[in-house]
Structure formats: structure tokens, C-alpha cells
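The block underneath contains the structure these notes are about, expressed in C-alpha cells.
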């Protein structure tokens, strides 16, 4: 797996990525993994908490907010809400 | 604005490609070394469509030509991109849209990548990047900035294809190994059961 931007998050990121990949290939692609809560949710929460601190420290959180705003159009197109 | 377009065919099924895509930038990829970190920021399944939406933060480290460095400042060597991807399992499409976070007031890079099946064993990759230098001043400078970035896209695309090919090959090998191991475990279990029943 790839590294995290923040070294201290690498360990939990690795565990989450591995969990996700298994879920994606064995469940999601077979149409049995659409639930919002799955076996990786807890790990993701842990990883996100670690990452959130790192993003704030580096000032990336603000840049992300702007970029997300600009991406709303794409969401409308690719989530099929706009033809 | 300058445009960079590219398309490739991978001799793997869409399922394999879309799975391996999540670890395109792992150590199996020895080519795309400019990507130093990939972090998942959010991940949701759209209840209405079943589309998996993921936000990832991609951190790149790549040298910048000296003239550009002096023009934009040193903050360009490490740059970050927000990638939002949409997996539509019904249509068998992965769409990834990316925008630069770094120096976004001076340069705007919008990239769209799509993975679609060509047939059961082949997947098509298409890439489109629109690059716009926003800084005022001379057209010639804006042109040079855009050309430099297009050139980099082209170089990274070649490396990206080669690197992803090794990730796909490794993924297939590991998957086959896992299947084999699971089969062996099942056999061992059954043999054990038979022995117990016989005893």
C-alpha cells in the first residue's frame, strides 16, 4: 500500500486500506456491500482522526474545503443527478 | 489553456483493474515515484445509485525547472491533488476527477480519468487534463508554464502505464496464491472431518 502524508497514520492506514480492498473486491463488486456501515468503518474512523490532525497542521484542510466546493458540479454529473 | 489526452488498453478485466487501481501507487509500482503519499479522506456509497464515491489526497514530489521555481516560489516541489472518484458497478465505470490544491490561485489543473471495460478481458483507460495558467502578465510566460506541465503529464503518463502494469500483474499473482491457499485449507479441513468421522 502507499504511504500516508503523516507518518504517524501509516499503521492504521495500512490496516484500513487492506480491509477496504478486501471489502471492495469480495463484497462491493459482487453487489453485497452497499451498506454504509461495514467491517472497515471503525478502522476508517480511527484513520480519519489521525489524518485530520495532520491536515490541519499543514493547512491543507482549508484548501480542501475550496476544492470540494469546486467539485460540486462533478458530483451532480457523476452521481447521476444531472444528465 | 492546454489539453493533454491519452488512452491505453490494459489486458485485464474491469474488476481487476478497478481493484488494482486502489493500490496503483504502492511499492509494486516502481515507476510512479513522484507520488509519495495517498490518503483517503472520505468514502460513501450513494444509496440511490450504489455508486462508491471516494475522496483521496494525493501528495507528489517532483523537481521543478529553475525558471518556474523562481517565478512561483519554492512551494511547488511538494504538491497536492484532490481526487474524487466514482465507481458505478452497474455501468462498470470508474471515473476519477482531480484538481490541484497547491498554487490553485496561479495554476488550474483539472484531470479526468475513466476506466471502462472493452470486453471481458480488457479495460480501456482514458485520461484528459486541462491545464490553465491563471497568472496575469505575459502570454508567453503563461504558455511556458502550461507547456511545462503538459510535458510533465506526458512523462508521468508513460511511467504510470508501466507502473500500473506491474501492479496489475502482482495483484493477479497474489490473488491466485490466496485462492490456492484457501482451497488447500478447505481440503485440509475436509480431510480432518473425514478422519474424525472415521475415528
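The values are calculated or read from the model by the stated rules, or taken from the named source; none is laboratory data. These numbers were taken from a predicted model, which means no experiment stands behind them. Glycine also receives a Cβ, built like all others from the backbone with ideal geometry; neighbour counts cover every protein chain displayed.
Looking at A:4, A:48, just one residue is surrounded by 14 or more Cβ atoms within 10 Å (Cβ to Cβ), at the interface with chain B (Cβ under 7 Å from one of its Cβ atoms), modelled with pLDDT of 90 or more and farther than 25 Å from residue B:92 by Cα, and that residue is A:4.
Filtering segment B:68-91 to residues that are in contact with a helix residue (DSSP H, G or I) (Cβ under 9 Å, 6 or more places away or on another chain) and modelled with pLDDT under 80 leaves B:68, B:71, B:72, B:76, B:77. Candidates in segment B:103-113 are the residues that are within 25 Å of residue B:162 (Cβ to Cβ) and more than 10 Å from chain A (Cβ to nearest Cβ); of these, the one that is surrounded by the most Cβ atoms within 10 Å (Cβ to Cβ) is B:109.
Being surrounded by 19 or more Cβ atoms within 10 Å (Cβ to Cβ), closer than 30 Å to residue B:144 by Cα, in contact (Cβ under 8 Å) with a residue 24 or more places away in the chain and facing chain A (nearest Cβ under 10 Å) is true for just one of B:58, B:51. Which residue is that?
Among B:58, B:51, only B:58 is surrounded by 19 or more Cβ atoms within 10 Å (Cβ to Cβ), closer than 30 Å to residue B:144 by Cα, in contact (Cβ under 8 Å) with a residue 24 or more places away in the chain and facing chain A (nearest Cβ under 10 Å).
Filtering A:69, A:42, A:11, A:57 for residues that are under 15 Å from the mean Cα position of the chain (by Cα), free of Cβ contacts under 8 Å to residues at least 60 places away in the same chain and more than 9 Å from every other protein chain (Cβ to nearest Cβ) leaves a single hit, A:42.
Among residues that are touching a helix residue (DSSP H, G or I) at 6+ places or on another chain (Cβ under 6 Å), more than 21 Å from residue B:25 (Cβ to Cβ), more than 14 Å from chain A (Cβ to nearest Cβ) and surrounded by 15 or more Cβ atoms within 10 Å (Cβ to Cβ), residue B:131 is included. Would you call residue B:44 facing chain A (nearest Cβ under 8 Å) and more than 14 Å from the chain's Cα centre (by Cα)? Yes. Within segment B:8-28, the residues that satisfy the criterion of being within 11 Å of another protein chain (Cβ to nearest Cβ) and out of contact with any helix residue (DSSP H, G or I) (no Cβ under 7 Å at 6 or more places or on another chain) are B:13, B:14, B:18, B:21, B:25, B:27. Looking only at segment B:23-38, decide whether some residue is surrounded by 17 or more Cβ atoms within 10 Å (Cβ to Cβ), under 12 Å from the mean Cα position of the chain (by Cα) and in a helix (DSSP H, G or I). Yes, segment B:23-38 contains at least one residue that is surrounded by 17 or more Cβ atoms within 10 Å (Cβ to Cβ), under 12 Å from the mean Cα position of the chain (by Cα) and in a helix (DSSP H, G or I). Can residue B:7 be described as more than 30 Å from residue B:63 (Cβ to Cβ) and at pLDDT 90 or above? For residue B:7, the condition - more than 30 Å from residue B:63 (Cβ to Cβ) and at pLDDT 90 or above - is not met. The set of residues in segment B:73-102 being touching a residue at least 12 places away in the same chain (Cβ under 8 Å) and surrounded by fewer than 17 Cβ atoms within 10 Å (Cβ to Cβ) consists of B:75, B:77, B:78, B:90, B:92. Checked against (1) touching a residue at least 60 places away in the same chain (Cβ under 8 Å); (2) over 20 Å from residue B:33 (Cα atoms); (3) away from chain A (no Cβ under 14 Å), residue B:123 meets all criteria but (3). Taken as a whole, segment A:30-40 holds at least one residue that is farther than 13 Å from residue B:43 by Cα and assigned to a helix (DSSP H, G or I).
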